[in-house]
Every structure is written in structure tokens, then in C-alpha cells.
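One structure is given here, and the rest of the page talks about it.
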Amino acid sequence: MKEQRIRFNWPHMTGKELNYIAEAHSKGILAGNGPFTKLCQGWLENQTGCDKVLLTHSCTAALEMAALLLDIQPGDEIIMPSYTFVSTANAFVLRGGVPVFVDIREDTLNLDERLIKSAITSRTRVIVPVHYAGIACEMDTIMSIAKSFDLKVVEDSAQGAMASYKGQALGSIGQLGAFSFHETKNVISGEGGALLVNDPDLISRAEIIWEKGTDRSSFNRGEVDKYTWQEVGSSFLPGELMAAFLWAQLEEADRITKKRIAIWHRYHELLEDLEIKGILRRPIAPDGCQYNAHMYYVLLASEIDRQKVLDTFKRNDILSVFHYVPLHSSPAGKRYGRAQGSLAVTIDLSKRLIRLPLWIGLTEQQQLRIVDVLKKAVSIPC
Ligand SMILES: *Cc1c(COP(=O)(O)O)cnc(C)c1O
């Protein structure tokens, strides 16, 4: 009998999404910055301790807002990992910024804080730590380097909602932080995101950039009697239908996180003996890094052929994937950025990583089957 196919990801719905969308529909409030947007923003401010949260239509948009807000000029340098999603770099390149790609740590695959100082020049403006897999970067060190060199910190916390570093929510530590609510993340609205503004001096300009460069937010609060064009901005806010959907997810965000952590732990236990045998390495969360189980990945030993493992999964109707092609080696990364040092860890680990299916509803039996297939795959001589 052919076994059932196991998907890589499946969006989890809480059950109230359509009710809240119907509510927005019947109220006739569909544009952005309406009641559901305010509910979501208030909830996120409360959960993260951030001064001001603005919903956006994606994390990419939140990062673009950050680049506008920090007034990035052509030639300004932005320190970031090469091992990340394209949006981390794109947002700054759109303003003429130059990504400076720094290597990652072996344990967390996060920006290696020990290498940041050597990448700083007179043009450096911003450090962008990316909290890979929802496991925090070494933020104390990063914040203190930023302070001593007068740099800003924008946390790419796309994968980091509901995770924390020494008790502080990811995204709430740097001057700015960005969340993603993309379908593939933990808490979702299809496309969606948020900008976390942690520096009170940046809030009023953030609202202006968000609302097409106008002071419409002040006007809505009755602080001015008309709204006008104040500075360069764009339309970064999502409509109310998306915020209504997101509200149904945020209400259940704690439960979603707990369920994902339980699945993550099951993989972690099932894979322990493969780690002991030296066949793979499991994810590592340093002390103080409370993760949100955004993903479960393994790093295969260098003598194992990753493509063979992926092919074995495919033959068994299990979808497993890898990422990222390091940005410094991609066509646009070469054109717009520069690599700092050899990036040896990035190059090595990005070739050895595979992600296992992780979604709410994945059963214990399915996880056992995945681990079983993985065990078979890695025992194939290559
Ligand atoms: C998902 C992701 C993004 C982009 O998020 P969108 O909401 O799809 O724009 C950016 N950075 C990282 C690290 C991501 O994982």
C-alpha cells in the first residue's frame, strides 16, 4: 500500500478567520488602519513590549520602511548575514545601500557577532541581525557594538514572532524590528508583516512613511485639521480583511507556538541517536534563547550527499527542502553587495542543511516515518 504523501508545510487556521472577515465586511470598513488593524497592533505592542507596532503587507515592506525611516543613502553600508532571505538585502539596496555580508555562527547559523567589528567602515550605518529559525542572535553584544560605533540595529525577525532573547521579545531589542505573517511562518495572514518601532523618536515619521508620506494618522486622531504630503513614503499598510484574518491568529498565538514546540521536540528526541553517531547535527538554542519552533532543520555530515537524501524523501512522498543560496554568491548579491572575509561557515553549512516538514497537524506516526526515511537515506553509501 502506498503511504500518504507528507507535505512540507500546511497553513494552520484557528477557525475564526472567516468570522472576523465577515465582521469587517458587514461593518464596511475595508481600508487599512481600521478596528482590526488597531486590535492587532495593540496586541503585538503588549506581547512584545514595543512602543509602536505598525502592520504592513509583508515583512519585506516592514524592512523597506526601516530603510526609509533610517534615511539610508546611496553608498551607506548595511552589515547582515549572507545566509538569509533576499528581502533582508533588497530593502536596503532599493535605497542605494550596500549589503556587507558577514559570516554566521556554527551553532545558531546567525550573524557571527565576533566578526561584525572587522566589517565596520566609515560608511556603515546599520546592523541587521536575522533570527534564523526563531532562535535569537547574540543581541547584547550586537547592541553594544552598535552603540559604540553609533550604528542602528534593525532586527529581521521575520521568523521570530513569539520568540525571545533573555526574556525580551525578538524584534523589540533593536531600534526597529520586522515580523512576517507570510503563510509559511507560525502566525499567518497569507501575506503580512509588522514594523516594530522601539525608538520613540521614530514613531511619528514611521506613521507618515506608512501612510503614503502623509500625516493622515495624526489627522485620524484629530491632531491636525487636514492631512498633507510630509515626506517620501508609500502605502505599506494592509487592508482590514488581512488584519481581520491576522486577529484570529494572534488570539491563538500562544497555543500555536506550544503546538509547534511539541512537534519540534519530538524531532529533537527522535534524531538524538543520529547526532551521537555523527551523521547529522540538530539545531542548537543557546541559553536565554526561547525559540518558537519556526522550523526544524538538520545539518548533514559533510560526507553525506544532500541531494540523495532529498531524492529519497521525494521517492517516499515526503517533501523536504533546503535554503538559502547564500546572498553573496547570488547574481544580485555580487552586483550590489560585498562579502566580508571568506564566509566559510556560510558556504559549508548552506550545502549541508535540510528542513523537515513542520506544521500543526503533523502526527507522531508521520514524524516517525520521516525519521525512518531519513535514517534509510543517510545509510546509503555515496
Ligand atoms: C520570510 C522572511 C522574510 C520575508 O517575509 P515576507 O513577509 O514574505 O515579506 C524576510 N526575512 C526572512 C529571514 C524571512 O524568513
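Loop-resident trypsin sites (Lys or Arg not before Pro) (DSSP state other than H, G, I, E or B) in the stretch 234-296 with no more than 11 further Cβ atoms inside 10 Å of their Cβ: LYS277.
Between the stretch 307-328 and the stretch 112-186, what is the separation of their alpha carbon centroids in Å? Here the two parts' Cα centres lie 28 Å apart. For the stretch 292-333, the gyration tensor built on C-alpha atoms gives a prolate shape. Its axis ratio a/c (a ≥ b ≥ c) is at least 1.5, and a/b is the larger of a/b and b/c.
Using the Cα gyration tensor of the stretch 1-131, with a ≥ b ≥ c the square roots of its eigenvalues, what is the shape: rounded (a/c below 1.5), prolate (a/b larger than b/c) or oblate (neither)? Let's see the in-between values first.
Values: a/c = 2.52, a/b = 1.43, b/c = 1.77.
Taking the square roots of the gyration eigenvalues as a ≥ b ≥ c, the stretch 1-131 is oblate.
The phi torsions of the stretch 95-104, fed into the Karplus equation with coefficients 6.51, -1.76 and 1.60 and a -60° offset, translate into couplings of 9, x, x, 10, x, 10, 8, 10, 5, 10 Hz, rounded to whole numbers, with Gly and Pro shown as x. Taking the chain as a Gaussian network, Cα atoms linked when under 10 Å apart, which of ASN292, ASN90, ASN46 shows the biggest mean-square fluctuation? In this elastic network of the chain, the residue with the biggest mean-square fluctuation among ASN292, ASN90, ASN46 is ASN46. Among GLU138, GLU269, GLU45, the largest mean-square fluctuation in a Gaussian network model of the chain (Cα springs under 10 Å) belongs to GLU269. Rounded to the nearest 10 degrees, the angle from helix 240-250 to the longest Cα principal axis of the chain is 50 degrees. Close amide-amide hydrogen proximity is noted between VAL224 and PHE219, each under 5 Å apart and 5 or more residues distant or on a separate chain (H modeled in the peptide plane; Pro and chain starts excluded). Here's how it looks for ALA293: its modeled amide H is under 5 Å from none belonging to a residue 5 or more places away or on a different chain.
Using Cα pairs closer than 8 Å and at least 6 residues apart in sequence, work out the relative contact order for the stretch 143-253, in percent. Provide the component values of the computation, followed by the final result.
Values: 181 pairs, mean separation 20.6, N = 111.
Answer for the stretch 143-253 is 19 percent.
The residue list ILE203, TYR267, LEU241 was ranked by how far each Cα lies along the charge dipole of the stretch 183-271 toward its positive end, using unit charges on Cβ atoms, and TYR267 comes out on top.
Please work out the average accessible area per residue across the chain, using the 1.4 Å probe convention, and give it in Å².
Working: 16460 Å² over 382 residues.
Per-residue accessible area for the chain comes out at 43 Å².
Averaging 1/r over each pair of different alpha-carbon atoms in the stretch 253-377 and inverting the result gives 16.0 Å, the Kirkwood hydrodynamic radius.
Would you calculate a helix-derived [θ] at 222 nm for the chain, using -39,500 (n - 2.57) for each DSSP H run of n ≥ 4 and dividing by the full residue count, to the nearest 500?
Numbers: 15 runs with 143 residues, N = 382.
Helix-only estimate at 222 nm: -11000 deg cm²/dmol.
Rounded to the nearest 20 debye, the dipole magnitude of the chain is 1080 debye, with +1 charges on Lys and Arg beta carbons, -1 on Asp and Glu beta carbons, and the Cα centre as origin. As a fraction of the 1.4 Å probe accessible area of the chain, surface on carbon and sulfur atoms comes out at 53 percent. Taking the longest Cα principal axis of the chain as reference, the axis of helix 59-69 is set at about 40 degrees.
Computed 3J(HN,Hα) for the stretch 328-345, one whole-Hz value per residue from the Karplus formula 6.51 cos²θ - 1.76 cosθ + 1.60 where θ = phi - 60°, is 5, 9, 8, x, 6, x, 5, 6, 9, x, 9, 8, 9, x, 7, 6, 4, 5, glycine and proline marked x.
Over the stretch 253-377, Cα pairs under 8 Å with separation of 6+ residues give a relative contact order of 35 percent.
When only C-alpha pairs under 8 Å and at least 6 residues apart count, what is the relative contact order of the stretch 17-250, in percent? Provide the component values of the computation, followed by the final result.
Values: 526 pairs, mean separation 61.9, N = 234.
After rounding, I find 26 percent.
Among beta bridges identified by DSSP and lying wholly in the chain, the antiparallel ones come to about 60 percent. Computed from Cα positions, the angle between helix 253-270 and the longest principal axis of the chain comes to roughly 20 degrees. The percentage of C-alpha pairs in the chain whose separation is greater than 33 Å is 32%.
Note on the chain: GNM, Cα springs under 10 Å; of PRO74, PRO129, PRO99, the largest mean-square fluctuation is that of PRO74. Scalar couplings 3J(HN,Hα) for the stretch 192-203, obtained by applying the Karplus form with A = 6.51, B = -1.76, C = 1.60 to θ = phi - 60°, are x, x, 7, 9, 9, 9, 9, 10, x, 5, 9, 5 Hz; x denotes Gly and Pro. Site pair LEU319 and ALA22 shows an inter-label distance of 3.0 nm when each label is modelled 7 Å from Cα along Cα→Cβ. Between amide H atoms placed 1.01 Å from N, distances below 5 Å from ALA339 occur with PHE101, all of them 5 or more places distant or on a separate chain.
The values are calculated or read from the model by the stated rules, or taken from the named source; none is laboratory data. Source: prediction; values computed, not measured. We place every Cβ from the backbone using ideal geometry, glycine too, and count neighbours over all the protein chains shown. We work out accessible area using only protein heavy atoms, side chains counted, and drop any ligands, DNA or RNA first. Shrake-Rupley method; radii C 1.70, N 1.55, O 1.52, S 1.80 Å.
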